[in-house]
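Working notes for the structure below.
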Amino acid sequence: MHSLLARVTITVFATTAIVVLGLMLVVNYQVSENFSSYLYMSGMHSMMMNHGNMAAMMGAPERQFLISLKYSLLVTAGIMLLIGAVVSYYLARSIAVPVIDLNRAVNDVASGNLDTAVATDRQDEVGQLAAAFNAMTAKLKSNTVLRQRFLAGVAHELRTPLTILKANLEGIGDGVITPDQQQMNSLTEEVDRLAKLVGELRELSLLEAGQLNPDYTEVDLPATLRQVIQKSSPLAVEKNLVLSFRIEETLPNIWADAAMVQQMVYNLIMNAIRYTAAGGITVTAGRDGKAVKIEVIDTGIGIAAEDIEHIFDYFYRVDPARAKQSGGTGLGLALVRQMALAHGGQIYVASVLGQGSTFTLKLPLHPHQKRIVSP
């Protein structure tokens with residue numbers, strides 16, 4: 001018997017039948033005892049002494065009464081068993097059918113259909129299980145899409161510099177291209193771009209796996225921010241952008257990985273420079289409860305509402321052409337998010353299309369003991 005519905009139905013019905021039969025035996029026994037007491041109380045005990053059993057004491061009316069009683073009990077038991085069978089089936093169906101549907105959905109997911117979902121119109125444990133299954137498949141689908149996008153992004157990012165290197169090296173080998181200084185500098189730039197991409201991919205993989213933990217030291221945040229801003233200023237000047245900062249004088253030192261803090265802020269400033277054509281970029285820092293809040297505010301192109309939820313994904317670019325021209329790999333903001341999570345912090349963005357964006361980085365003042373897993 002392989003059907004869950006049949007097994008549950010038979011189990012519930014068998015339990016019901018046992019209870020009904022047990023009740024009938026108890027009722028029959030109690031009635032017999034009470035009827036015997038009735039005969040005794042009616043002054044017929046002397047007959048019992050003479051004949052030795054209740055059957056000999058009873059006349060036709062008494063026998064007819066007992067027969068009718070037992071018949072009524074049998075009819076009642078039959079009706080109760082019939083009702084029990086119907087109730088058992090519907091009760092078993094209410095339990096088994098959702099499980100059967102869930103099993104069918106699991107098989108669909110196993111076969112590659114990640115759009116499968118089960119009904120969640122129940123409020124009991126079965127409904128909770130169905131909701132958990134739907135959440136799991138949605139997460140699995142999201143991860144699959146991200147993995148596919150990641151692989152496509154890696155292939156795309158590697159193909160361009162490798163194609164350039166291959167074409168130039170073949171040209172040099174055939175004597176078509178003269179390997180002068182300018183040509184060598186161009187090839188070196190492509191190699192540097194590849195090295196940067198591979199390095200960032202390695203950092204991201206280690207961060208996500210929890211194998212690259214922050215090296216906590218006491219960080220002078222104002223001094224660190226000034227260093228990063230000084231490093232970024234030439235790039236802002238090239239685009240005639242004003243790069244300014246506002247830092248609270250009473251901002252305390254924090255316990256963090258100094259190199260990661262520098263890289264997070266640098267990536268945010270570089271992202272702002274890439275997507276800002278005119279105006280300026282402002283970096284602010286202040287205390288926010290038990291954390292510090294660093295904001296990078298730009299007057300750039302802004303981010304559309306539909307792009308904000310993907311802005312920290314691998315290789316996601318609001319304006320791919322502009323990012324390509326500025327040498328971006330599409331991994332800078334993804335690195336910021338993973339490094340922030342490694343510190344127990346968070347990163348988020350608010351933006352108005354055509355007016356600019358504000359990236360907010362929050363880092364705890366003290367070392368984070370438990371890593372927050374990335375969604």
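The values are calculated or read from the model by the stated rules, or taken from the named source; none is laboratory data. Keep in mind it's a predicted model, so treat the numbers as computed, not measured. Don't worry about glycine lacking a Cβ; one is built from the backbone with ideal geometry, like all the others, and counts go over all protein chains shown. Side chains included, ligands, DNA and RNA excluded: accessible areas come from the protein's heavy atoms. Shrake-Rupley method; radii C 1.70, N 1.55, O 1.52, S 1.80 Å.
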- Given the conditions (1) in a loop (DSSP other than H, G, I, E, B); (2) without any contact (Cβ under 8 Å) to a residue 60 or more places away in the chain; (3) farther than 18 Å from THR358 by Cα, and given that SER233 satisfies all but one, which numbered condition is not satisfied? (1)
- Could you check, for region 262-270, whether at least one of its residues is within 18 Å of ARG337 (Cβ to Cβ), part of a strand (DSSP E or B) and touching a Phe, Trp or Tyr at 6+ places or on another chain (Cβ under 8 Å)? no
- Query: Restricting attention to region 66-80, and to residues there that are under 14 Å from LEU25 (Cβ atoms) and either aliphatic (A, V, I, L, M) or at pLDDT below 75 (or both), which single residue is surrounded by the fewest Cβ atoms within 10 Å (Cβ to Cβ)?
  - Reply: LEU74
- State yes or no: is PHE133 aromatic (Phe, Trp, Tyr) and farther than 25 Å from ARG337 by Cβ? yes
- May I ask you to list the residues in region 92-119 that are under 19 Å from the mean Cα position of the chain (by Cα) and acidic (Asp, Glu)? ASP115
- Note on the structure: Checked region 229-264 for anything under 22 Å from ALA277 (Cβ atoms) and open to solvent by less than 60 Å² (accessible area, probe 1.4 Å); matches are ILE229, SER232, SER233, LEU235, ALA236, LEU241, LEU243, SER244
- A careful count of residues in region 298-312 that are of a type in the set (A, V, I, L, M, F, W, C) and open to solvent by 30 Å² or more (accessible area, probe 1.4 Å) gives 3
- Selection status of LEU140, within 20 Å of the chain's Cα centre (by Cα), part of a helix (DSSP H, G or I) and aliphatic (A, V, I, L, M): yes
- Item | Qualifying position, being touching a residue at least 60 places away in the same chain (Cβ under 8 Å), loosely packed, with under 15 Cβ neighbours inside 10 Å and over 30 Å from VAL191 (Cα atoms), among ILE100, ILE95 | ILE100
- Set VAL228, VAL219: member being modelled with pLDDT of 90 or more and farther than 26 Å from GLY330 by Cβ: VAL219
- Message: I'm told GLU157 meets every condition in (1) acidic (Asp, Glu); (2) modelled with pLDDT of 80 or more; (3) in contact with a Leu (Cβ under 9 Å, 6 or more places away or on another chain) except one. Can you identify the failing condition by its number?
- Response: (2)
- Item | Candidate set from region 175-216 (those that are without any contact (Cβ under 8 Å) to a residue 24 or more places away in the chain and of a type in the set (A, V, I, L, M, F, W, C)); member that is least open to solvent (accessible area, probe 1.4 Å) | LEU187
- Query: If we scan region 159-180, do we find a residue that is more than 30 Å from SER205 (Cβ to Cβ) and in contact with a Pro (Cβ under 8 Å, 6 or more places away or on another chain)?
  - Reply: yes
- Query: Under the condition of being open to solvent by less than 100 Å² (accessible area, probe 1.4 Å) and under 19 Å from the mean Cα position of the chain (by Cα), which residue from region 120-130 is modelled with the lowest pLDDT?
  - Reply: THR120
- Given (1) part of a helix (DSSP H, G or I); (2) out of contact with any helix residue (DSSP H, G or I) (no Cβ under 6 Å at 6 or more places or on another chain); (3) farther than 19 Å from PHE312 by Cβ; (4) of a type outside the set (A, V, I, L, M), number of the condition TRP255 does not satisfy: (1)
